[in-house]
Amino acid sequence: MMRAVLLTTNDDVAEIEELAWSAEIEIVAEVLQRRRHDDPTTYLGKGKIVEVEALLAEAGAEMVLINSELKPSTHYQLEKRLKKECLDRIGLVLKIFSERARSREARLQVERARLQYEMPLLKEWIHSAKGSDRPGFLAGGEYAVDIYYELSRKRMARIDGELRQIADSNDTRRRRRNKEGYSTVSLAGYTNAGKSSIMRRLTEAQVLVEDKVFSTLSTTTRVVTPGERPILLTDTIGFISDLPTFLIESFRATIEEIFLSDLVLLVLDASEEREEIEKKLLTSMSILFPSIDEEDVIIILNKIDRDPHKVLEASLIASLMIPSSAQVPVSAVTGEGLDKLMEALKERFQPTISMEIDIPSSSDSMSFLSYLYERCEVSHVEHGERIKISLRCTPRDQGRIISRTAELEAGR
């Protein structure tokens, strides 16, 4: 396990400590200097950096972690001064991603994100070293910079092409599932909230479960049968706050699975303190909404076995922040509440409403009929000047069917 010294300008170090543990990095010392703004040269002030130099030698640390996102110039100056590998928060996240990417898609996404992260850092190293006797990586100079950027751009373009092919394959698979009548549900939420543990409990599948952040980077889909009709349950990458746009964009295909689902199970760790729950819920909301309706989200209050007294507080916070979403308290460890979750899924997707539809015969109506066959239990269809259909549907689909029927009648 690597040993590191952590530098921070605030007391909020719980998340980076968890990230370090997940990356198998032991934080042997922490240096705090409360500052309104980071020092542009060495992150902390000059006096504190002297302390850090002594501490690195005393603790035998091989690297430095920074509880922030460093500017390229600061990163260069800090590594030059301390002569140790320096990882800021984004670099640490990418290190974890690199170690945990298993599928071809995840590996490509991580490589693209790392290229985009490293390009401005390398540019700073090259330009800052140009005037020295040892010009550094790639021998410095604009020519070397141009070569690196050209190679990086070409590689990123190839990665984008491969990711598009994977996305097309995923779209084909989704269309096939829809034709086969499957409804889709995605597990979403902050990293390490317990999504994979719930997936394993519900599906009895051998899904990787670790008490570490980002244990899931690729989507995993399994069949769950809460009632007569099976549904597809997908485990997705965990959310984390304050990630740069380029990192979110790199995992667009993975996150997109959530937005294409019929229902999202938003998993919260109900055993955490109020401030943590609020922060993580805000992060989840910023990613999910407004692309997803609140009514299409069920909040899963997980880990209720750890501290039952906190469940009520967590439920109240969730009710205030996402009032239109249903809630189900569960424990993925003991199994408590999972029967209620399965019952909620059954009610959501089992067709319980009988309908008789009478629509004009047109090409649009035939397309609508195909949709009904995919989403509902169609028991009878009578073709003529008008099409008469008997079916059973879910409460969620009933409103859509009524609205579309009215549009067809109006000739839209």
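Quick look at the numbers
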read-out	value
Residue, surrounded by the fewest Cβ atoms within 10 Å (Cβ to Cβ), within the range 374-400, restricted to residues that are more than 32 Å from the chain's Cα centre (by Cα) and under 19 Å from GLN350 (Cβ atoms)	SER379
Test: residue in the range 329-348 that is of a type in the set (Ser, Thr, Tyr), touching an Asp or Glu at 6+ places or on another chain (Cβ under 7 Å) and farther than 17 Å from LEU266 by Cα	yes
Scope the range 196-222; condition of a type in the set (S, T, N, Q), more than 21 Å from ILE277 (Cα to Cα) and modelled with pLDDT under 60; matching residues	GLN206
Residue in the range 362-375 that is among the charged types (D, E, K, R), farther than 30 Å from GLY194 by Cα and modelled with pLDDT of 90 or more present	no
Unique residue being assigned to a strand (DSSP E or B), modelled with pLDDT of 85 or more and in contact with a helix residue (DSSP H, G or I) (Cβ under 9 Å, 6 or more places away or on another chain) when the list is ALA188, ALA193	ALA188
Elements of type strands (runs of 3 or more DSSP E) in the range 289-386, at least 1 residues being in contact (Cβ under 8 Å) with a residue 60 or more places away in the chain, of a type in the set (A, V, I, L, M, F, W, C) and under 30 Å from GLU276 (Cβ atoms)	297-302
Selection from the range 331-360 of residues that are among the small types (Gly, Ala, Ser) and surrounded by 13 or more Cβ atoms within 10 Å (Cβ to Cβ)	SER331, ALA332, GLY337, ALA344
Single match in ALA14, ALA61 (criterion: of a type in the set (Gly, Ala, Ser), within 26 Å of GLU99 (Cα to Cα) and under 27 Å from the mean Cα position of the chain (by Cα))	ALA14
Search result, residues across the range 353-389 that are of a type in the set (S, T, N, Q) and over 11 Å from THR405 (Cα atoms)	SER354, SER361, SER362, SER363, SER367, SER370, SER379
Criterion: touching a Leu at 6+ places or on another chain (Cβ under 7 Å) and over 21 Å from GLY337 (Cα atoms) - qualifying residue of SER291, SER315, SER284	SER284
Qualifying position, being buried (at least 19 other Cβ atoms within 10 Å of the Cβ), under 15 Å from the mean Cα position of the chain (by Cα) and more than 21 Å from THR221 (Cα to Cα), among LEU288, LEU265, LEU281, LEU301	LEU281
Lone unmet requirement of (1) under 24 Å from THR234 (Cα atoms); (2) in the same structural domain as ARG386 (by TED's automatic domain parsing) for SER370	(1)
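The values are calculated or read from the model by the stated rules, or taken from the named source; none is laboratory data. Bear in mind that the values here come from a model prediction, so they are computed numbers and not experimental data. Cβ coordinates were reconstructed from backbone atoms using ideal geometry, including for glycine residues, and neighbour counts include every protein chain displayed.
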